[in-house]
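Below is one structure, written out as structure tokens; the observations come after it.
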Amino acid sequence: MTHVIDGKRIAADIRESLRQEVTWLREQHGIVPGLAVVIVGDDPASKVYVRMKRQACEAAGIASFHHELPGSTSQEALLNLIAQLNADPAVYGILTQLPLPGHISERAVLEAISPFKDVDGFHPYNVGMLSIGEPLFPPCTPFGVMELLRVEGIDPRSRHVVVVGRSNIVGKPMALLMLAAHATVTICHSKSADLSALVGAADILVAAVGKPRMIPGDWIREGAVVIDVGTNRLPDGSLCGDVDFESARLKASHITPSPGGVGPMTIAMLLQNTVKSAKRRHGLS
């Protein structure tokens, strides 16, 4: 029988553990981890994500510094704000919500964040550290996938992991984390030939391509573990993943739903990276 992985429950357990750790840091060491979130413009999805992150911070006892800037904000003004946050001792993590308006260079902004406050794991320094197997802050979504597997007792060692998607945010770092866990990894993308055969060879499938129900159940190998990172909004307003859940669950041994699978883990791992940053700065890690 297929086991549906409950990302909401696992994320809630992580947040509760972090709440206790933050209480210990505050009461025993006078340290209050703080996360600064910067949003530029009026993208509705970004505003929802930022609100969820802010609520999660408050519930865990992490200080939340919210900076909401108009879409007309210049790149120079944004970089000046990031410089201020880099220098602020109360801020242990900085997150700039993507996407940014077209007139602002995403790369320039990500490079401006101190790598030691880059709790999203997107700075080139942290990408490089990840590539050599020594990540300072792993990107939150792939990090959340690895934590889901750990909690469920699924070891990627010596297994064939197929990652569908090659983004800098999920696909590429996912492959690197799996390699560090001693998996054999195949990355697929829009130019891959015979995608169905590649997916069918997976012991562990990670779908992160951003196309609703692109992967049908009959592509899935019997007994495979299916991790669906996608969250896609359909014309009727409902959400679905990159995998056709109902048909895939007939083949998979384990599967994440979407929503309710990987999504909650992303925010939980963001909080974990923020607490790690605070402990690291004070020599407690």
Original post:
Any chance the range 211-222 includes a residue that's touching a Gly at 6+ places or on another chain (Cβ under 8 Å), under 16 Å from L148 (Cβ atoms) and either among the aliphatic types (A, V, I, L, M) or surrounded by fewer than 22 Cβ atoms within 10 Å (Cβ to Cβ) (or both)?
Top reply: no
Original post:
If you take the residues of the range 261-285 that are under 19 Å from D6 (Cα atoms) and not in a helix (DSSP H, G or I), which of them is farthest from the chain's Cα centre (by Cα)?
Top reply: G261
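Matching residues to (1) more than 30 Å from V50 (Cβ to Cβ); (2) among the aliphatic types (A, V, I, L, M); (3) in contact with a strand residue (DSSP E or B) (Cβ under 7 Å, 6 or more places away or on another chain); (4) outside the structural domain of Q55 (by TED's automatic domain parsing):
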site: L176; (1), (2), (3), (4): no, yes, no, yes
site: S190; (1), (2), (3), (4): no, no, no, yes
site: G230; (1), (2), (3), (4): no, no, yes, yes
site: H254; (1), (2), (3), (4): yes, no, yes, yes
site: V275; (1), (2), (3), (4): no, yes, no, yes
Subject >> From the options D13, D43, D6, residue that is out of contact with any Cys (no Cβ under 8 Å at 6 or more places or on another chain) and within 21 Å of L78 (Cα to Cα) >> reply: D43
**OP:** For S258, state whether it is surrounded by fewer than 20 Cβ atoms within 10 Å (Cβ to Cβ) and part of a loop (DSSP other than H, G, I, E, B).
**Re:** no
Subject >> Complete set of residues in the range 149-169 that are assigned to a helix (DSSP H, G or I) and surrounded by 19 or more Cβ atoms within 10 Å (Cβ to Cβ) >> reply: L149
Original post:
Pick from L110, L98, L176: which is among the hydrophobic types (A, V, I, L, M, F, W, C) and at pLDDT below 95?
Top reply: L98
**OP:** Kindly indicate whether any position in the range 30-50 is touching a residue at least 60 places away in the same chain (Cβ under 8 Å) and in contact with a Pro (Cβ under 7 Å, 6 or more places away or on another chain).
**Re:** yes
Original post:
Of (1) in a loop (DSSP other than H, G, I, E, B); (2) of a type in the set (K, R); (3) out of contact with any strand residue (DSSP E or B) (no Cβ under 7 Å at 6 or more places or on another chain), K172 satisfies all except one. Which?
Top reply: (1)
Original post:
If you take the residues of the range 1-49 that are hydrophobic (A, V, I, L, M, F, W, C) and modelled with pLDDT under 95, which of them is farthest from the chain's Cα centre (by Cα)?
Top reply: M1
**OP:** Go over the candidates D194, D244, D236, D203 one by one and state the one that is more than 21 Å from the chain's Cα centre (by Cα) and either among the aliphatic types (A, V, I, L, M) or at positive phi (or both).
**Re:** D194
Original post:
Just to be sure, is A201 free of Cβ contacts under 8 Å to residues at least 24 places away in the same chain and surrounded by fewer than 16 Cβ atoms within 10 Å (Cβ to Cβ)?
Top reply: no
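The values are calculated or read from the model by the stated rules, or taken from the named source; none is laboratory data. Note that the structure is a prediction, hence the values are computed from the model and not measured. Backbone-built Cβ (ideal geometry, glycine too); neighbour counts: all protein chains shown.
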